[in-house]
Every structure is written in structure tokens, then in C-alpha cells.
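Engineer: Sharing a structure, written as C-alpha cells. Questions coming.
The values are calculated or read from the model by the stated rules, or taken from the named source; none is laboratory data. Computed from a prediction, not measured in an experiment: that's the story for all the values here. FYI the Cβ positions are ideal-geometry reconstructions off the backbone, even for glycines, and counts take in every protein chain you see. Each accessible area value is taken on the protein alone, full model and side chains, heavy atoms only, with ligands, DNA and RNA left out. Shrake-Rupley method; radii C 1.70, N 1.55, O 1.52, S 1.80 Å.
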Amino acid sequence: MNDRSESSRYLPVLLLLFAGSGCAALIYEIVWYQMLQLAIGSTSISMGFLLASFMGGLCIGSIGFPRLRGLQQHPLRIYAFLEFGVAALAILVLIGLPLLERVYWSIAVPGLGGMLLRGVISAICLLPPTILMGASLPAAARWIESTPRGASWWGLLYGVNTAGAVFGCLLAGFYLLRLYNVAIATCAAAAINLAVGGVALLLAARTPADAGLTDKAESTPAAAPSKLWPVYITIALSGATALGAEVVWTRLMGYLLGATVYAFAIILAVFLIGLAIGSTAGSWFSRVSPGQDRARAALGWSQVLLVGGFFWAAYMIVDSLPYWPVNPLLTLNPWFNFQIDMVRCLWAILPPAILWGASFPLALAAAAEPGKDPGHVVGSIYAANTLGAIAGALGTSLILVPAIGTQQTQRVLLVLAAASAWFVLLPQIRARRSTGLAMSLTASLVVALVLAANINPIPGAVIAYGRKISTSAASGTILYTAEGINSSVAISRWSDNAMQIDVNGHVEATNEPYDMRLQRMVGHLPAVLHPDPKRVLGIGFGAGVSAGTFTRYPGIESITICEIEPIIPPTSTRFFGRENYEVAHDPRTRIVFDDARHYLMTTSDKFDIIASDPLDVFVKGTAALYSQEYFEAVKRHLNPGGMFTLYVPLYETDMRTIKSELATFFEAFPYGTVWFNNIDGQGYDTVFMGTLEPPKFDLDAMEERLRRPAYAPVVQSLQEIDFASPLDLLATYGGQKADFDSWLAGSEINRDNNLRLQYLAGWGINSDMAHRIYVEMVKYRRPPENLFTGTGPLFQTLLASFQRSGR
């Protein structure tokens, strides 16, 4: 058996190894993104740094490795050591990131300096392992000859690597992180790397090291580097349009599927499935129809076909999928909804993803020539594709969508995809002097412009009602929509004339009486009970009602509001100005546009009251505002005697989720209390309130303050939400830690290293258990004899009220 046959015999094994590498890489990507967002925030700017660092490392590794001199080892031995290195560095990131977080939090500053520091932190964590990941494909490619047949194998390596990434994405999102934590997920991925590296070492010991680097075609002169620039530009533009479209479509599909961790895992998995299928098909084509010219022609025309695939996805997401008769509330079993979500994603996104996937192996075949260093060819194409992907993702998320919206962004990307075909096809047309090809290519651009003009904006009903559009759209009228850098916002009016503000497909706040009561309770409870609050922090602007409540209190000197999306405050002020008392225009108000967790972890400010009204916990990333570590950070920013209130809904949740939320809260705030907001006696939502010390609320002093003329706006604000007196507000008391200890026994604590809540909440999003949960909690409520003090009639009446009701 000669060397060549000996090597080719093990090529299928190498495919399996690359599938394992892809699986591990996606597990790491999901874990690292989750961990680093806790440190540097989850704004689009922060996500841009994370993406640039991850993909930048891949690019550096792919283009830098082939240029290293003196690597005379067997290619598979080098590949094995790269896998070992990735595993080792991943463990170091797991161990070292918490230490790096503390350093970052201690020196973080606002403005440009803070943004650059976020980039440095991302680079320190992600560049070392991702550089090794990026080097793995060109390293292993050196084992395969630079011929058309060899190029087809390069494409297959990329394809099975992507297929492994699909499995890694689903494994991390639906199993490892749902049931375990980032440490288990990291160790599982590292074990895969070690296994892959071990098998690669065995292969290196059994096979020759020079398979295909030199052969009888070596004398054929290699193409001048300048002749490859059309291929590089086309594959770079393909990467740009692919990642740009992924950013836009993930955002839009997130509205329809519900912005849970599971929805995003499904969207990413489908995109990767398309890339895997396409790269396999492109590899097959380059093998059965070899030759640089044919590969370049196929690469160009695949971009032309991509125009149709792109329009298909844009049309389906905007004009078709929103009107599928899908009612997600028909079942409480999430698996059925996940199946429908998968079908919808496959139907819309798979066609263009297949064409993007085919582009990479076709570009490899277009650049491959006998005698060329395979590592250099593969690394250069991979680097060009990755650089384009970085530009497309960052340009789309940070520039195009905020500036021109998702509709115009999709139009730009579609035309860019059509234009990318010209770079590889135009030289061929000139060489052949083919009028027919020239006319066909020109016609394709005209068709692209026509199709781009027919891409419609996302319906306002999708931004407003999202996954519930089939059951809610007929009940409301969309008044206004806006797309921001992090979120999209809609204002709608319901059939009963109630107004609501919706963010990313889910209602954020309304002016319904029961919602107004809850939003003001978040502010009134601590402000009424605190003896002299002066400095307030509001987490999340929403409709502005919770923050606006503090404008009624004469002693409050400053109101800081932390909001992640800049378009929300002006939108809410325009439509909810009366309800929120124009808090955005109050001279005491300062709005900080940042991720709330990042702001709290990096600011030195302290407050008398912190009132939190964030997005629902099932929304991807929001669980970071419900973790034990976050609550401990809240405590560090409270002045002595300070209070913290947190909105927690009972609807769209299940028993495990609410128990985890409450157990985590009590873990940080052992003196915490629960307050109920019901609708006609039916459970609806709650306010958790925490204090630093055992609370003793002096009702005599509170009553005396509220009688002062300066507090008349406070009394009026309470009356507007049907609290005729402070007694009505305090009667919403629902219990404290000692009451619920037995009920919460064994509940899962939401910590930074698992963010368990986002997985629990996403699993129970269809639950209709609000009143059942309320009834269960009321069973444990006891009279708060240790909570209130006083001698006046309010104190006596309140205690008598609790005793009569069995509380």
C-alpha cells in the first residue's frame, strides 16, 4: 500500500474528528458569551466586542498559522496539539474569568475608555483559544493535497465541522446549560477536544506526513496571487452577507418565537444546518466538476442564486410566518412548540444558508492548485470569509439596523450579495467575451434590485405581539413602531382603549388599572416605608411609571434610571407621559443607557432605593438580573436603611420558576418580603422587597409624613391606582422568608455560573398558573407581627385586618 492510499484510507476518520471539534467550539462559544456578558454587559456594543474577539481569533489563527516557519511535524500531530491547547485554554478561561471580572469592575470607566476596556477583556479571554481553533483547519488541510479532489475534502472538513457545531449548539442550549452549569459544559467540551486530539495523534503515528504536498503536478506553475483577489473578495462578501443576515433574521425571528434561550438556540442551529448541507454540496460539486474556472463560475452563480434565497427568507419572515395559524398556548409542553419553531426556521432560513454554505468549498476549489501549500490556501480563504463575517455582523448590528432599520438593512445585504458575484464572474466574461453571460449577469443585478425593493418592513403586530400574534393581533391597533440598537418597540391600543408598550414581541407595560397598580407599587412601597429617601435608582424604563412614582416625593433629590435601549424613554414619554409624570423631563432625573448589571457592577454610586422593573425573566439574558450575585451587588449599592424592590410576574411562569426566583431573592435578602398585586382577587403578579437589616416600619411616622401638604401628590398617586389610603397599599403584604422556608425547600438557586432561571422560565413560558401559584403562596402567609410598629389607628387597623383574614 503506497503513502497516498494509506492516507486517504483515514480521511473519513478525520471528518469525524472535525465534527467533534465543531461540537466543542459551539459549546465554548455559547458558554463564553454567557460568562463574558456577565462581566462586560449585554448591550449591542458589548456583544460586538465579543463577536469581534471570537471571530477575530479564528481569522488570526487561520491566516497566521500557514505563515509560521519551522513546523515540520506531521499535520495531524499539530492538529492534535491545537486541540489540546484549546482544551487547556478553555479551562483557564473558566478559572481566570471571575478574577478578570473583578479587575475589570474595579477599573471600568464610562465613555470611550470603558468601551475600549471591554474590548481588551474580550480579547484577553477569547483570542488565545479561538486563534488555536482558527488554525485547526489549515493545519489539518496540509495533510491533503492541493488538487481539485483535495479541495473537495477541505470543503467536507468544513462541512462536518459545521455539522458538529449544530450538535454542540443544541447540546449546550437544551441539555448541558439547562441541567448543569458553565463548568460542566466547559469540561464536556474540553473532553471532546482531548478525545479528538488523542485520536489525531494515533492517526499521525499510522500515516505519512507528506501526503499530497508534492506530486507529479508540482511543476505546474501556481497562479499569481493577484489572480486570486476576486475569490477573496467574493468569499469575504459572502461572509459579510451571511453574518449580517443572521443578525437581522435572528432578531426578527426572535420576536415570533419568543426571545428565550431555546428560541435562539434553534435559530442558530438551523443556520448551521444550512451551512453544513451547503458545504457538503459544494464539496461534492468541486469533486465531480473539477477545475478552477468551473469552481469560480459556480462560486459566482451561487451568489446569484443566493439573491433568490435571501429574498425567500426575508419574505417568509416578514410576510408569511407571522400569519401562520400558530397558537403557542394550545399546549403546556414546550417540546411541541419547539418542533413548530424548528419547522418555521427551516422553512425560512435554510435555503439561503445552504447557498452560503456552498460558497466556502467552492472558494477553496477556486483557489486550489497543485504545488500550493494547502494550509496557506485554506487559511487565506477562511480568513477572508471570517473578516467579511466580522464586518457584516458588526456593521449590521451597530450601524445599519440602528441607522436605517431592518427593512433597509436587508435590502442592502441582498444587493451586496448580488454584487459579490461580479468579482469572480466578470473576469471570466472578459476572458470568454461572452455577451450572453454578460447579459445574464446584468439581468441578475436588475432582478436583485427589484427583489430588494419588494422587501417589506416587519409588521408592527410582530414587534407588539410576537409569538401571540395569531391570538392578539385582532384585539389591538398599532400606533407607532421604532427599531433601536438593542430592541424594537411598538405602541398599541387595545379594544378597551388601553395603551401598551411592547418590546421585542412581548408586552412591557400598559396603562390598564391592574398594571398601573403594579408599576406604581414598585415605587410606592419602598418610598412610603423608607423614612427619608433621597437618592433612587430605577432599573429599566419601560413605560416610565415605576420611576415616575418617585417624582411625587418631595424629599427625593435624584432619580437615576438605567435603561439598555435608548429609544424606549422618548417613546414612553410620548405615549405614557401622563401616567409616568413626565419623569424623563424631571430635573432630578438622569438616564444611563447601559446594561443594568454592568452599571451596578462598575459604578460607585449608592442609593436609598433601588427599584427594578426589567424584562421578563424568560427573555434571554434577563436572568442575570435575578442571580444571587446580582442581588448581592444591589445590596452593596444600598445606603444604610436602603430598600430594593423587584417586579416578578406570576403569569407566563410555573411553580419551579417562581420558587427559584423567590429562593434566590431570599438567599441574598433574608429579611425580604413579598407583596401581591391581584386582579379581582385572582393572582397576577408580585413585588419582592428586600432590606439590609430586619425591617421595622414605623406606621405612625409614615402616617404623619403623608398628612403633610407636600405629600399630597403621593396620596393622589395612590388613589389613582385604587389605594384609597396607605392601609390599602400595606394590605397587599404577602409574607416573608420565614413563612416560605418550607415551601421553598430544595428550590434551585439562580447563580451566575448557571443562570438557571432563563432555562426554567423558558421551559414554563406557556404556563397559565398565576392564580394557582398565588393560592399556594397564600397558604404560607402569616400575620407580620415583627414587621410594623406604631400606636396609631393605622397600625391597629392593619393588624386587625391581617388577623381577620388569617394572615
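Engineer: Let me check I've understood the local charge: for residue 506, count other residues with C-beta under 15 angstrom from its C-beta, Lys and Arg +1, Asp and Glu -1. What total comes out?
Structural biologist: With Lys, Arg at +1 and Asp, Glu at -1, the net is -4.
Engineer: What FRET efficiency, computed as 1/(1 + (r/R0)^6) with R0 = 30 Å and r the Cβ-Cβ distance, is obtained for residue 92 and residue 628, rounded to the nearest 0.05?
Structural biologist: 0.75
Engineer: While we're on this one: So, R0 is 56 Å and r is the distance between the beta-carbons of residue 557 and residue 336; what FRET efficiency does that work out to, to 0.05?
Structural biologist: E(calc), rounded to 0.05, equals 0.60.
Engineer: Could you please report the charge total around residue 688, scoring K, R as +1 and D, E as -1 over all other residues with beta-carbon less than 14 angstrom from its beta-carbon?
Structural biologist: Residues close to residue 688 contribute a combined charge of -2.
Engineer: Quick one: work out the % antiparallel among DSSP beta bridges in the chain, nearest 5.
Structural biologist: 60 percent
Engineer: For region 612-620, what does the Karplus curve 6.51 cos²θ - 1.76 cosθ + 1.60, with θ = phi - 60°, yield as ³J(HN,Hα) per residue in whole Hz, taken in order and with x for Gly and Pro?
Structural biologist: 10, 9, x, 4, 4, 5, 6, 5, 3
Engineer: So what is the orientation-averaged projected area of region 273-423, using the convex hull of its C-alpha atoms, in nm²?
Structural biologist: For region 273-423, the mean projected area of the Cα convex hull comes to 11.1 nm².
Engineer: I would also like to ask the following. For region 431-470, divide the Cα radius of gyration by the Kirkwood radius and give the resulting Rg/Rh value with two decimals.
Structural biologist: We get a ratio of 1.44 for region 431-470.
Engineer: How much length is gained if the chain between residue 477 and residue 778 is pulled fully straight, taking 0.36 nm per residue apart and subtracting their Cα-Cα distance, in nm to one decimal?
Structural biologist: Length gained, residue 477 through residue 778: 104.6 nm.
Engineer: For the pair residue 175/residue 651, report the inter-label distance in nm, with labels modelled 7 Å from Cα in the Cβ direction.
Structural biologist: 3.7 nm
Engineer: Something else about it: Any idea of the accessible area per residue across the chain, 1.4 Å probe, to the nearest Å²?
Structural biologist: 36 Å²
Engineer: For log10 I(q)/I(0) by the Debye sum over Cα atoms at q = 0.05, 0.08, 0.09 Å⁻¹, several values are listed as [x] -0.61, -0.91, -0.95; [y] -0.40, -0.86, -0.99; [z] -0.30, -0.71, -0.86; flag the one computed from this structure.
Structural biologist: Evaluating log10 I(q)/I(0) by the Debye sum over Cα atoms at q = 0.05, 0.08, 0.09 Å⁻¹ on these atoms matches [z].
Engineer: Considering only Cα-Cα distances, which of the following residue pairs are longer than 18 Å: 659/779; 659/696; 606/737; 534/737?
Structural biologist: Those over the limit are 659/696; 606/737; 534/737.
Engineer: Hey, what do the phi angles of region 141-150 turn into as Karplus ³J(HN,Hα) couplings, whole Hz, using 6.51/-1.76/1.60 and θ = phi - 60°, x for Gly and Pro?
Structural biologist: 5, 5, 7, 10, 5, 8, 9, x, 5, x
Engineer: Mind listing the long-range amide H neighbours of residue 650? Cut-off is under 5 Å, sequence gap 5 or more, other chains count too, H placed in the peptide plane at 1.01 Å from N.
Structural biologist: 685, 686
Engineer: Figure the gain on full extension for residue 106 and residue 743 (residue separation times 0.36 nm, minus the Cα-Cα span) and round it to one decimal in nm.
Structural biologist: Full extension of this stretch gives 225.5 nm more.
Engineer: For every other residue with a beta carbon closer than 15 angstrom to the beta carbon of residue 340, add +1 if it is Lys or Arg and -1 if Asp or Glu, then tell me the sum.
Structural biologist: Value of the local net charge: +2.
Engineer: What relative contact order, as a whole-number percentage, does region 620-764 give when Cα pairs under 8 Å and 6 or more residues apart are counted?
Structural biologist: 37 percent
Engineer: Hey, another quick one. Can you give me the relative contact order of the chain as a percent, contacts being Cα pairs under 8 Å and 6 or more apart?
Structural biologist: 13 percent
Engineer: Between residue 399 and residue 700, take the C-beta separation as r, use R0 = 60 Å, and let me know the FRET efficiency to the nearest 0.05.
Structural biologist: Plugging the Cβ-Cβ distance into 1/(1 + (r/R0)^6) gives 0.55.
Engineer: If amide H atoms are built 1.01 Å from N in the plane of the peptide, which residues on other chains or at least 5 residues away come under 5 Å of the amide H of residue 592?
Structural biologist: 561, 562, 563
Engineer: Restricting to DSSP H runs of at least four residues, report the calculated mean residue ellipticity at 222 nm for the chain, -39500 (n - 2.57) per run over all residues, nearest 500 deg cm²/dmol.
Structural biologist: Estimated from H runs of four or more residues: -20000 deg cm²/dmol.
Engineer: Could you derive backbone 3J(HN,Hα) for region 356-367 from the dihedral phi with the Karplus parameters 6.51, -1.76 and 1.60 (θ = phi - 60°), listing whole Hz in sequence and x where the residue is Gly or Pro?
Structural biologist: Residue by residue, region 356-367 yields 5, x, 5, 5, 5, x, 5, 5, 4, 5, 5, 9 Hz.
Engineer: Here's a follow-up. Counting only protein chains, not ligands or nucleic acids, how are 103, 583 ordered by accessible area (probe 1.4 Å), most first?
Structural biologist: So, going from the largest accessible area down, we get 103, 583.
Engineer: Starting from the amide H of residue 788, placed 1.01 Å from N in the peptide plane, find each other amide H under 5 Å away whose residue is 5 or more places distant or on another chain.
Structural biologist: Here the answer is 697, since their amide H atoms fall under 5 Å of that of residue 788.
Engineer: Still on this structure: Quick one: length gained pulling residue 635 to residue 578 fully straight, 0.36 nm per residue minus the C-alpha distance?
Structural biologist: Extra length from residue 635 to residue 578 when fully extended: 17.3 nm.
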